[in-house]
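Student: Quick one: structure below, then a few questions.
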Amino acid sequence: MKKPSHKVLDLPVPRNLANVAFILVEPQTPGNVGSAARAIKTMGFTELIVVGGCKFKDNRQALAFAHGADDVLQGARVVNSLDEAFEGIHRLIGTTHRSRDAGVPQVQPIREIVPHIVEVSQKFRVGVVFGREDKGLLDNELGRCHLCTTVPAVHRVPSLNLAQAVQVVAYEIFLGSFGKIAGPKLDLAPDLEVERAIRHFVAAMMQVGFRPHRDEPESFARPLRRVFSRAVLENRDVRVLHRVAHQVAKFAAGKVKRVEPPSLPASR
């Protein structure tokens with residue numbers, strides 16, 4: 001016989017939550033990883049990815065803080081780089097509690113971003129990325145994300161710690177997932193495929209003499225990511241970008257001749 005729940009409100013787990021992964025970048029204390037595991041399991045999530053940071057598996061503090069979520073904690077995938085963490089994920093949501101420079105997507109409150117997360121996760125994989133306890137995500141790490149979000153808080157009050165932020169974001173996505181039934185009819189491109197296309201395009205542009213700021217390819221890749229993050233790119237869009245980059249590279253190598261483009265009809 002199934003043991004009755006003692007919770008006042010025991011809700012079913014929306015199916016789309018299986019497509020949402022929580023990614024912790026270089027967490028510093030095992031207890032925070034354990035608390036994060038408990039936070040996401042409480043809201044129906046099961047996938048935790050940890051990029052570097054402290055050793056937490058079989059750690060006594062982590063296990064104590066994960067109380068009831070040992071399976072999520074011990075099953076967490078540990079990787080060495082963002083590329084490994086982002087493998088197979090289509091949409092990335094970065095988190096921050098402070099204002100950032102122009103090189104990252106505009107920061108929006110979590111409640112405004114949840115509808116997008118819920119819609120995309122009906123069919124595609126979404127990763128929510130959290131930074132280090134002391135300094136959060138670096139600007140270049142946030143720049144890899146398609147959207148950036150924050151948990152609004154009272155001015156001059158200390159920011160939420162890592163596990164608290166994970167709990168609030170998990171709760172908002174969980175709550176926002178009820179009543180959503182239809183997913184987008186899109187062939188969404190995985191993040192790493194978009195990233196490869198951007199790098200291909202940057203390399204091709206440099207072959208024809210384009211010089212980014214201080215000759216650093218990343219200074220050109222960063223605004224491109226920002227532009228593309230405003231759109232939902234499908235696989236066919238990525239293929240077009242690769243084709244353009246391929247043609248540019250061929251032109252740089254002298255394999256194609258310059259031609260005058262046909263004039264486009266005037267817009268009405």
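We did not get these values from a lab; they are worked out from the coordinates using the rules stated. Note that the coordinates shown come from a computational prediction; the quantities given were computed from them, not determined experimentally. Methodologically, a virtual Cβ is constructed for each residue, glycine included, from the backbone with ideal geometry; neighbour enumeration extends over all protein chains shown.
Student: When only Cα pairs under 8 Å and 6 or more residues apart are kept, what is the percent relative contact order across the range 1-151?
Tutor: 29
Student: Follow-up. Holding the Cα-Cα limit at 31 Å, pick out from Lys185/Lys255; Lys57/Lys135; Lys123/Lys255; Lys41/Lys135 the pairs that are longer than that.
Tutor: Among Lys185/Lys255; Lys57/Lys135; Lys123/Lys255; Lys41/Lys135, the Cα-Cα distance tops 31 Å for Lys185/Lys255; Lys123/Lys255.
Student: Given Cα pairs under 8 Å that are at least 6 residues apart, what percent is the relative contact order of the chain?
Tutor: 20
Student: Sort out for me the Cα centre separation of the range 111-154 from the range 32-82, rounded to whole Å.
Tutor: Going from one Cα centre to the other spans 18 Å.
Student: Mind listing which chymotrypsin sites (Phe, Trp or Tyr not before Pro) in the range 137-225 are in a DSSP loop and have 15 or fewer other Cβ atoms within 10 Å?
Tutor: Phe178, Phe210
Student: Tilt of helix 110-121 relative to the longest C-alpha principal axis of the chain, in degrees (0 to 90, nearest 10)?
Tutor: 80
Student: Roughly how tilted is helix 30-42, in degrees to the nearest 10 and between 0 and 90, from the longest Cα axis of the chain?
Tutor: Between helix and principal axis, roughly 90 degrees.
Student: Given the rule -39500 (n - 2.57) for each run of at least 4 DSSP H residues, summed and divided by the residues of the chain, what is its mean residue ellipticity at 222 nm, to the nearest 500 deg cm²/dmol?
Tutor: Numbers: 10 runs with 109 residues, N = 268.
Using -39500 (n - 2.57) per qualifying helix, the result is -12500 deg cm²/dmol.
Student: Also, quick follow-up: Step through the residues of the range 147-154 one at a time and calculate ³J(HN,Hα) from phi using the Karplus curve (6.51 cos²θ - 1.76 cosθ + 1.60, θ = phi - 60°), rounding each to whole Hz and writing x for Gly and Pro.
Tutor: Residue by residue, the range 147-154 yields 9, 10, 9, 8, 9, x, 8, 5 Hz.
Student: What angle do you read, to the nearest 10 degrees and between 0 and 90, between the alpha-carbon axis of helix 162-176 and the longest principal axis of the chain?
Tutor: Taking the Cα atoms of the chain, the angle to 162-176 is about 80 degrees.
Student: At q = 0.10, 0.13, 0.14 Å⁻¹, what is the base-10 log of I(q)/I(0) for the chain according to the Debye formula with one equal point scatterer per Cα and no solvent? Please give it to two decimals.
Tutor: Values returned for q = 0.10, 0.13, 0.14 Å⁻¹ are -0.58, -0.89, -1.01.
Student: I need the fraction of alpha carbon pairs in the range 116-186 separated by more than 17 Å, rounded to a whole percent. Intermediate values should be presented prior to the final figure.
Tutor: Numbers: 1326 of 2485 pairs.
Roughly 53 percent, once rounded to a whole number.
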